[in-house]
1. Would you please list the contacts, defined by Cβ atoms under 8 Å and residues six or more apart or on different chains, that run from a residue in the range 49-77 that is over 21 Å from residue 33 (Cβ atoms) to a residue that is at pLDDT 70 or above?
2. With the requirement that a residue be surrounded by fewer than 18 Cβ atoms within 10 Å (Cβ to Cβ), in a helix (DSSP H, G or I) and at pLDDT below 90, what does the range 32-55 give you?
């Protein structure tokens, strides 16, 4: 809070890079950073849920984008965990 009792966004104008920010713990982290005023850049391995997450973060008044993160080691690991 500032001296007038108004909330101050401590991360306003900054950019936070969040891996896996479309769901689960990554989504919760991205949401909290956005509430503090940070713009959110997400690295995703699955883009199907990224749009929904971007819309939710956009409602908080900050910019949000998602980029597909490709990594050859993820393919066998993802298949193994599925």
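1. From the range 49-77, the pairs are 70/45; 71/45; 74/45.
2. Those that are surrounded by fewer than 18 Cβ atoms within 10 Å (Cβ to Cβ), in a helix (DSSP H, G or I) and at pLDDT below 90: 47, 48, 49, 51, 52, 55.
The values are calculated or read from the model by the stated rules, or taken from the named source; none is laboratory data. Here the structure is a predicted model, which is why all the values come from computation and not from measurement. FYI the Cβ positions are ideal-geometry reconstructions off the backbone, even for glycines, and counts take in every protein chain you see.
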